[in-house]
Structures are given as C-alpha cells and as structure tokens.
There are 2 protein chains.
Amino acid sequence: MAHADLTRDIAQDGRPYHHGDLSRALVLAGRRILEKEGPAALSLRAVAREAGVSPAAPYHHFKDKCDLIAAVASEGWQELSVAILEARAKASDPRHGLSEIGVAYVCFARQNPALYRLMYDSACDREDMPEHAKDESSGYGQVREALISVGVDPNDHRELRLATIAAWCAAHGVAEMAGFKEFEGLKEEMGGEVPFIRAILDHLGIYARHARARHDA
Amino acid sequence: MAHADLTRDIAQDGRPYHHGDLSRALVLAGRRILEKEGPAALSLRAVAREAGVSPAAPYHHFKDKCDLIAAVASEGWQELSVAILEARAKASDPRHGLSEIGVAYVCFARQNPALYRLMYDSACDREDMPEHAKDESSGYGQVREALISVGVDPNDHRELRLATIAAWCAAHGVAEMAGFKEFEGLKEEMGGEVPFIRAILDHLGIYARHARARHDA
DNA sequence: GCACTTATCTGAACGGTGTCAAGATAATCT
DNA sequence: AGATTATCTTGACACCGTTCAGATAAGTGC
C-alpha cells in the first residue's frame, strides 16, 4: 500500500507518524516565521506548512488562529519576565531595580518587535494581564516589589497599584515608540539605543520621584 | 439599453455617474466600518461595499489597501492635533498645558481605540512622524511649546527633544494600556476613567518635574 | 455638434487565507 | 484482536487583496 511507504518516509524524517508534539512544533514554527518573515506572513497555513503538516492539522491543538498566536505570545511573556528577573538581579543597588527593569523591558521589545506586538495584542482582549500578572515572579509583581524597595508604602494599595501601572505604561510606551526611525539620529548622538532608552525612561522619572520622596522622609 | 436605467437609478441615489468624490467616500466608509465592526472587519472589499462600489474601484484612488488605511489614519492624526489644540487652549495656567495635552491625547485614543491603533500602525513604518510632526500646530510641536512654557530651556535642543519624546511615549503608553479590562475596578474606585488617566499621567510626572525644576531656579 | 483622449468604474479571474466536515490512519484501551 | 479515541489529510467554502480587459462617463479640441 502507498501509505506504508509514506509512513516510512515520514519516519525517516525523524518525525513520528502522528508527529509527536505538534502543538509545540506549531508554536515554534510560528515564532520562526514571525522572526524571519514578519507578522504579515504569520498565517495559520504558513505555520502548518513550516511544521510540515496540513492546513487543518492545527485545529486539533488550537481552537483558532487566535488561540495559536496567543500561545506564541504567552511564551513571549514568560521570556520577558525571565529577562526582567535577570535585570533586577543584576542591579546591585535595589534603588536601581526599577530603571533596570524598564531598560530590560524595552530592550526585549526592541529585540523582538514583532513578538512584542503580538504579546500586546493578545493581552488587549483578555480580562486579566498576561496570565502570570498575579504571582510574584511575574513582571507586574517584580515592578511592584521594586517600587516598594524604592520607598512606596506597601500598605497604600491604591498608590502602589497606580505606581505599578504607571511604570508599566511608561515601559510600554517607550518600547513601542523607540522603534520610530525618526529617532535614529538622536540615538546615534547619544551613543546607541540603550542610552537613549535610559534617558527617556529617566525623563519619565518614576524612580527619581520615589527616591526623592524617600530621601525627603 | 440596460445601463441607461442603471445610470438613472444611481443618479436617483444622489450619486453621480462616476460617484463624484470616491476617494473621500472610501475614507469615510473605512472609518465607519472601523467604528462599527472593528479593525478585523476593515477589508478593502468591505470598504468598497460600504461605499457602494466594486472591489476594484478603490485602486483608482489608492495604490494599496495600506494606502487607504493610511489616509484614514492621517485624518485621525489631524483630529487628534485639533483635540490637543483645544485642550491646551482651555488650560488657563500654561503650566497645566502639558497635563491637559496628555489627558486629551489619551482620551482621544480611548474614544477611538481602533482608529488610534491604526494611526500608530501607520506611523510605525514611516520615516517621519505622522507627516505634520514638524510644524508648530502639530501634536509634537504643541508638546514642545508646552514644555518650554513649563521651564525647559529652549536652547538645549537635546533636552527639549528628549523631554518631548518622553512625553509622547508616556501618552502613548497610557493611551494603549488604559483599555485593559483589569483596570476597570480601579477606575470605578477613582470616579471614572479620566481621573484614572490623570493619576497615571501624573505619576509619569513630566509636568511635576519641570515645574519643580523651574521652582527651584 | 462630433471624434478622441482620459479618468473612472465593473466583471471576472488568480492565488492566498481561515475554517470546517468527512474520511483515513495511528495510538490506546479492554 | 477488536473497538475506541486522538490525530492528521483531503477537499471544499467563503472571503480576502490584487490585477486586467472592457464598459462607461467626463473632458478636450475641432
């Protein structure tokens, strides 16, 4: 029978008859396409093609195209929170924690612009923040902790919440706008993109403000 | 002949035989779809349908689908700069100009979320800011002026540029994040969305910083 | 007035997309 | 081994952006 040969050919590719873990393979393929061909090329069919599978196969693992890209985005959020964790750990003085988080956030977004866009899009429609927004190791939780260690009263819940949101807004704004080509001249003047990012974040001055409030007290 | 009747029917619709100003009609149709059906429904064909015209007709007025939505976006930018102008005029004390601009910016984005997204998207790929970024009446120019009237040295070009960009980043970040559903509870606590927006912008504290710097001097 | 050119619109077509239902195939369970 | 379940393929549908040949109207020179 024909399918026997086909089966063997597939097996020779190292790919089991039912492909093993297609779900994971699809997410990886999606990310590869995103990086190499841009967000416009990220179609369900293209992902299936990249994973070497028929266009209908993904529907056994994801409800939707949306569902698939949400999975890609989710991976992105996890990586981002790792990057933030590392950046914060690297800052010796905890008072620098906040700005280091900000720089790490923006740098991640700038290094994976298409992915970051996807992440934001997928977060828009959700009820809650990118799923891990609650626990301590999440980005949100880390910002909150950094704010506390910089002088925000942990018992003033509203203030803490507002400050955290504000910091997040600042990072998001810079992350998306830093890519504008019009800024390239200024970036060069300042010796690269990172100093530029740092300067902008510094202007937004969350760290400065709270450090001052603490100093005044 | 059949086409004679058709011509008359069309003329009875008040639509001239060659539709008069399709270019404008398409932009309006696009915006209507965007508001009523969301960005996913904004297809070239849908726009043509809404304007009562064949799917190929838009190609005589716009190079691309991109070109059409860029026109929609451009209208949005003009309206936004008008909104900013009004907000700034309304602020009696020029020292409040900056925060009023910020609130107006975010409110516009919140009232036209899909349009704002379109505007941002169309700005991403361009070399320069949304075309009118240079002249004084543009949003960028108005922010710069407001910064000067709040104490930034007009001769320190880099500082002025950085501060303007920072303000813009803050507004953009808040504009996009303010829509997250997770903030609804906090918004209600604070008596509506505008106080919430104001509080966040205040935390980003550009106005506060420069007002202080000026006060210290 | 009339021919001619030009701008504008239609119709049909192409390849690509998301999605689904029906059927084939492989893994799993009893 | 036989039945069940999970997984994948095939083929189809409607929609999309885009193009091209042809129809129609507007404008232009005589």
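Can you say whether B:Ile148 is modelled with pLDDT under 95 and more than 8 Å from every other protein chain (Cβ to nearest Cβ), as far as the supplied structure shows? So B:Ile148 fits the description; yes. Condition (residue is closer than 24 Å to A:Met190 by Cβ, among the aliphatic types (A, V, I, L, M) and in a helix (DSSP H, G or I)) applied to segment B:171-183: is it met by at least one residue? There is at least one residue in segment B:171-183 that is closer than 24 Å to A:Met190 by Cβ, among the aliphatic types (A, V, I, L, M) and in a helix (DSSP H, G or I).
What residue, among those in segment A:76-104 that are within 30 Å of A:Ala25 (Cα to Cα) and more than 8 Å from the chain's Cα centre (by Cα), is surrounded by the fewest Cβ atoms within 10 Å (Cβ to Cβ)?
A:Glu86
Out of all the residues in segment B:72-83, is one or more away from every other protein chain (no Cβ under 14 Å) and within 13 Å of DNA strand D (Cβ to nearest atom)? The answer is yes; a qualifying residue exists. Taking segment A:34-68 as the range and being within 14 Å of chain B (Cβ to nearest Cβ) and within 14 Å of DNA strand D (Cβ to nearest atom) as the test, the residues that pass are A:Ala40, A:Lys65. Set side by side, the residues A:Arg95, A:Arg15 differ, and just one is charged (D, E, K, R), more than 27 Å from A:Glu136 (Cα to Cα), modelled with pLDDT under 85 and more than 8 Å from DNA strand C (Cβ to nearest atom), which is A:Arg15.
For B:Leu28, the conditions (1) of a type outside the set (Gly, Ala, Ser); (2) assigned to a helix (DSSP H, G or I); (3) within 15 Å of DNA strand D (Cβ to nearest atom) are fulfilled apart from (3). Only a single criterion out of (1) modelled with pLDDT of 90 or more; (2) away from chain B (no Cβ under 12 Å); (3) surrounded by fewer than 22 Cβ atoms within 10 Å (Cβ to Cβ) is not satisfied by A:Ser138, namely (1).
Being among the β-branched types (Val, Ile, Thr) and more than 7 Å from chain B (Cβ to nearest Cβ) is a property that A:Ile165 lacks.
Consider segment A:43-64 and keep the residues that are within 7 Å of DNA strand C (Cβ to nearest atom) and among the hydrophobic types (A, V, I, L, M, F, W, C). The one that is surrounded by the fewest Cβ atoms within 10 Å (Cβ to Cβ) is A:Ala56.
Any residue that is in contact with a helix residue (DSSP H, G or I) (Cβ under 6 Å, 6 or more places away or on another chain), within 14 Å of chain B (Cβ to nearest Cβ) and over 30 Å from A:Leu44 (Cβ atoms) - is there at least one of those in segment A:105-114? Checked against the condition, which is being in contact with a helix residue (DSSP H, G or I) (Cβ under 6 Å, 6 or more places away or on another chain), within 14 Å of chain B (Cβ to nearest Cβ) and over 30 Å from A:Leu44 (Cβ atoms), segment A:105-114 yields at least one hit.
The values are calculated or read from the model by the stated rules, or taken from the named source; none is laboratory data. Please read these numbers as outputs of a predicted model, since none were measured by experiment. Neighbour counts are summed over all protein chains in view; Cβ atoms, including those assigned to glycine, are modelled from backbone coordinates with ideal geometry.
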